[in-house]
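Heads up, the thing below is written out as C-alpha cells.
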Amino acid sequence: MSFPTSKPDLSGVYSDNTPQETTHPGIHNTLNEELDAVIDKVGIDSSADTTTHDYKLSGVTGTDKAASITGTETLTGKTLTSPKINENVAVTATATELNIMDGVTATAAELNIMDGVTATAAELNIMDGVTATATELNIMDGVTATTAELNITDGGDTTYKTLATTVAARAYLNNTMENIPNTTFIKVLLDTESHDYGNNFSSYKFTAPVSGLYDIKWKITFVGSSVIANKTYYAYLYKNGTVISREFKHSALVEALSVEGADEFVLTAADYLELYVYLKVGVNTVDVAGGSTYTFLSARLVGV
C-alpha cells in the first residue's frame with residue numbers, strides 16, 4: 001500500500017500488463033488496501049479522527065468552501081485570537097475599542113500626529129467627553145507651558161482660572177536686628193516661617209514656583225527706644241536683586257515705628273523677593289524689631 005504517502009501504481013490492474021499480483025485475488029487485495037487508505041484519509045461523516053478531511057472541514061457546510069491562504073474570501077462570524085496584520089505584532093484591541101474608529105474622518109496625516117505620543121490610556125481618557133471643537137483645541141498648538149503650569153488652570157476657563165495649586169508663604173524676623181548701619185541697604189533676615197504652602201521660602205527670600213499674579217505684603221517695625229525723632233525710615237521690596245517698590249515714614253517722636261506696604265506683582269517662575277531696610281537717621285543704633293507681627297514678608301498666588 002502506497003497511499004496516502006504516494007500515489008499508488010495501479011497500471012498493472014487496468015492493463016494487459018502482468019500485475020505484480022498475478023492472481024485475481026491479489027488484484028482485489030491491492031485495490032482493497034488502497035481504498036482503505038483513502039477512507040482513512042477522507043473519514044466518515046462527523047468523524048472524530050482529527051487527521052481526516054471530514055474532521056478538518058467539518059465547519060464548511062452548504063455551498064461554503066474552505067478559505068485559502070492567498071485568495072480573497074469573506075469571513076463571517078469568526079473570532080480571531082491574537083491576529084497579526086502586516087507585521088509580527090498581535091492586535092490586542094477589542095472589537096468595541098476598534099469600533100470607536102467607525103466613522104472617524106481624520107486623514108492618515110492627522111492620525112500620524114499621534115505617532116510617538118507617550119500619554120497613557122488613563123491620561124488620554126481625560127479627553128473623553130471633551131466638547132471643545134477642533135478650532136478650540138488647535139489653540140493649544142505651539143503651547144510651551146509645562147505640565148505644572150497647565151495644571152494651575154485645572155478646572156478653569158478663558159475668563160476665570162481656578163488654581164489647582166496653592167502658593168502661599170509668610171516669613172518673619174524672629175530675633176531683633178540691632179544697630180542697623182545708616183544709609184546702607186541691609187537685607188532683613190526673615191528666618192522663621194508662619195506658613196509655606198509649596199516650600200517656596202528659604203534663605204530669607206520667597207521664590208515664585210510658577211508664573212502668575214501674586215499678592216505681596218511686607219512690614220518692618222523699628223524698636224521704639226532706638227528710633228530717632230524727625231528722621232526717615234524705609235522698607236524696600238527687591239525682585240531678583242532690584243528694587244520694585246518702597247515705603248517710608250518720617251518719625252515724629254521717639255516711639256515704635258512701622259513701615260509697611262502691599263501690592264500685586266506679576267512674577268515669572270523663579271523670580272525671587274527680598275525685604276531690605278534703609279535708614280536716614282544719622283546714627284547706627286536703630287534696631288529692627290523681631291517677632292511675627294512686627295517684621296515680615298508674605299506672598300500668595302492669586303491668578304495666572
Residue selected from the stretch 186-200 under the condition assigned to a strand (DSSP E or B) and more than 30 Å from Thr285 (Cα to Cα), by the criterion nearest to the chain's Cα centre (by Cα): Tyr197
Tell me whether the stretch 225-234 contains one or more residues that are within 16 Å of Leu190 (Cβ to Cβ), assigned by TED's automatic domain parsing to the domain that holds His195 and surrounded by fewer than 20 Cβ atoms within 10 Å (Cβ to Cβ). no
Those residues that are closer than 25 Å to Ser82 by Cα and polar (S, T, N, Q), I need them from the stretch 93-129; list them, please. Thr94, Thr96, Asn99, Asn112, Thr118, Thr120, Asn125
So Phe265 passes all but one of these: (1) in contact with a Leu (Cβ under 9 Å, 6 or more places away or on another chain); (2) among the aromatic types (Phe, Trp, Tyr); (3) more than 20 Å from Val210 (Cβ to Cβ). Which condition number does it fail? (3)
Can you tell me how many residues within the stretch 201-254 are basic (Lys, Arg) and without any contact (Cβ under 8 Å) to a residue 60 or more places away in the chain? 4
Selected residue (criterion: nearest to the chain's Cα centre (by Cα)) from residues of the stretch 240-260 that are loosely packed, with under 14 Cβ neighbours inside 10 Å and small (Gly, Ala, Ser): Gly241
Would you mention how many residues in the stretch 243-283 are of a type outside the set (Asp, Glu) and not in a loop (DSSP other than H, G, I, E, B)? 23
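The values are calculated or read from the model by the stated rules, or taken from the named source; none is laboratory data. Bear in mind that the values here come from a model prediction, so they are computed numbers and not experimental data. As a convention, Cβ positions derive from the backbone with ideal geometry for all residues, glycine included, and neighbour counts pool all protein chains shown.
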